[in-house]
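Input: a single structure, listed below in structure tokens.
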Amino acid sequence: MHELSVTESILKIVLQSAQENDAEEVTDINLTIGTLSSIIDDSVQFYWDHISKGTIAQNAKLHFNRVLATLKCRDCGLEYKLDEELIPCPACNSINLEIISGEEFQIDHIEIRIKEVEKNETTR
Amino acid sequence: MKQRVEIVKRIMDSNEQLAQQNQGKLDAKNVFAINIMASPGAGKTSFILQTIGRLPEGIRMGVIEGDTAPVTIDSDKIMAVGMPVVQINTGGECHLDANQVGLAIDELELEDIDLLLIENVGNLICPAGFALGQHANIVIASTPEGADKPYKYPNIYRGIDVLIINKTDLLPYIDFDMDYFREGVEMLNPGLKTFAVSCKTGEGFEDWLAWLEEKVNETRA
């Protein structure tokens, strides 16, 4: 449910950036979302379809770059990714771990169509 | 013409800026603020009431109550014991955010408060992403919820400073695997300060209150 608030933040950042770059349309939005961030893609897409209506970003395609959580064992040094449930180090069973990635939640870049400079009286 | 615009911006940045403003207001008056998160029914309000009842002498407290429905059930209980309280109704939103808490802070007489407890909306997912301006984040986990919660809701255990395990009085009657629970927490948040308490019997509150008193005194000093 908090996806509504975060999707509003995404729209705000995107529109601000689009305006600063003289965009007439936003075509693509690339997001990186870590699996530990508790953000659901489908839910962001659902709210996006509603709240972007009537803006220059309404037809933008959302691209979700999912980052799996990566853990590093502080005892044996093994790095491993979590596909599913949180588990101790698969090599030495230690619970002395460091979470290296998986908590990302950011906009990486957007693609925009820029306003064409008005061409007066093209020669024939 | 198409163009790529690099942004690389954390989506929660605007909330975090507001949270910093809130913390600035609190710091200016030497108020230590705690964001209390938990699932519905874990005992957030009972925990606050027990803390009020046992508050070390000289500590003046205020409370912000967050609820998703337009109710004042919790804030009425706080008011009944004579504490300043501000109710936030989020209107269906599943968490408090820095903007709402900022407005609530403005309604409190910060001069008269040393300790501010902010009771978040009951939810183990959404509140984790929203900084409020707090100095410490606390999760209250209650034993009947089950020992698998750190595995199912890892995010909320990541950014917290203190964990309260509540309803220890029920341990003889339920199958709560304390080792499994603590292992999950340790993997996510190594060395996390943890207090096991019972809001029913008052067991375990001395240690929690000693920690609290130390933090408040550090802030006032």
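Here are some notes:
- Applying the condition of being in a helix (DSSP H, G or I) and over 16 Å from the mean Cα position of the chain (by Cα) to the range B:45-83 and asking which residue is nearest to B:D207 (Cα to Cα) yields B:G53.
- Residues in the range B:142-165 that are facing another protein chain (nearest Cβ under 10 Å) and either among the aromatic types (F, W, Y) or touching a Lys or Arg at 6+ places or on another chain (Cβ under 6 Å) (or both): B:Y151, B:Y153, B:Y157.
- Complete set of residues in the range B:196-221 that are under 27 Å from B:K29 (Cβ atoms) and of a type outside the set (D, E): B:F205, B:W208, B:L209, B:A210, B:W211, B:L212, B:K215, B:V216, B:N217, B:T219, B:R220, B:A221
- Candidate set from the range B:1-44 (those that are closer than 25 Å to B:L163 by Cα, more than 15 Å from the chain's Cα centre (by Cα) and within 14 Å of chain A (Cβ to nearest Cβ)); member that is modelled with the lowest pLDDT: B:M12
- Of the residues in the range A:88-97, at least one is at pLDDT 95 or above and farther than 17 Å from B:E186 by Cβ.
- When B:K193 is tested against the conditions (1) in contact (Cβ under 8 Å) with a residue 12 or more places away in the chain; (2) on the phi > 0 side of the Ramachandran plot, the lone failure is (2).
- Some residue of the range A:57-79 being without any contact (Cβ under 8 Å) to a residue 12 or more places away in the chain, at the interface with another protein chain (Cβ under 10 Å from one of its Cβ atoms), farther than 25 Å from A:I13 by Cβ and not in a strand (DSSP E or B): no
- Only a single item in (1) within 12 Å of chain B (Cβ to nearest Cβ); (2) at negative phi is not met by A:D22, and it is number (2).
- When the range A:80-95 is filtered for residues that are more than 7 Å from every other protein chain (Cβ to nearest Cβ) and either farther than 26 Å from B:G129 by Cβ or surrounded by 19 or more Cβ atoms within 10 Å (Cβ to Cβ) (or both), the ones remaining, listed by number, are A:C89, A:P90, A:A91, A:C92, A:N93, A:S94.
- In this structure, B:E107 does not satisfy being closer than 20 Å to B:D13 by Cβ and either at pLDDT 95 or above or within 10 Å of chain A (Cβ to nearest Cβ) (or both).
The values are calculated or read from the model by the stated rules, or taken from the named source; none is laboratory data. Keep in mind that this is a model prediction, so the values were computed, not measured. Glycine gets a Cβ as well: all are built from the backbone with ideal geometry, and neighbour counts include every protein chain shown.
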